[in-house]
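Notes follow once the structure below has been shown.
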Amino acid sequence: MTASPGPDLAALPHIPCDAGGPVFREPWEAHAFALAVTLHGKGLFIWPEWAETLSAEIRSAQAAGDPDAGDTYYQHWLKALERLVVAKGVTDAAAIEAATAAWHAAAEATPHGEPIVLGRMD
């Protein structure tokens, strides 16, 4: 699956691309990519700020032992996105943790092949 590039992808470290643009191994990776591009488009952050936050997240993961084989790139992308939305006051770490826990619980309770449905989280 590929997407048409929006912001300057050359500013991003190690983004998996082919001739058509970014390449995603899983649907959630494309969703995380689109969310970052959308939040940038809405003015939450400028692209150089995003690139620096992502670079810092990748450096942190490498320092913690990530072998940087390419299969964890969008995990770093997601962590960088979480870091920015917390820093910008959009949400807080506790809300992200609660949503993550709710997602995992819903996924475990959902039969294979069925859509995962989250309950209200308020």
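Go ahead and run the numbers for FRET between ALA69 and TRP47, Cβ-Cβ distance against an R0 of 30 Å, rounding to 0.05. The partial results should precede the final answer.
Values: r = 26 Å, r/R0 = 0.86.
Once the sixth-power term is evaluated, E becomes 0.70.
Hey, can you rank 76-89, 40-53, 103-116 by average C-beta count inside 10 Å, highest first? Present the calculation step by step, with values, prior to reporting the outcome.
On the way: 76-89: 17.7, 40-53: 14.7, 103-116: 9.1.
So the peptides 76-89, 40-53, 103-116, ranked by packing, come out 76-89, 40-53, 103-116.
Under 14 Å from the Cβ of ALA32, count the other residues' Cβ atoms, weight Lys and Arg +1, Asp and Glu -1, and hand me the total.
Net of charged neighbours comes to -1.
For VAL23, what residues show an amide H to amide H distance below 5 Å, using hydrogens built from the backbone and excluding near sequence neighbours?
When sequence neighbours closer than 5 places are left aside, the close amide H contacts are CYS17, ASP18.
Regarding the chain, what whole-number volume in Å³ per residue does the convex hull of its Cα atoms give?
Spelled out: Cα convex hull of the chain, divided by residues, is 136 Å³.
I need the phi-derived Karplus couplings for the stretch 60-65: 6.51 cos²θ - 1.76 cosθ + 1.60, θ = phi - 60°, integer Hz, Gly and Pro marked x.
4, 5, 5, 5, 8, x
What residues of the stretch 13-50 lie in the reach of a label at VAL90, counting those whose backbone N is under 16 Å from a point 7 Å from the Cα along Cα→Cβ?
Correct set: 29-50.
Every number here is computed from the coordinates shown, using simple stated rules; none is lab data. None of the values given here were measured: they were computed from a predicted structure. Here Cβ is always computed from backbone atoms with ideal geometry, including for glycine, and neighbour counts include all displayed protein chains.
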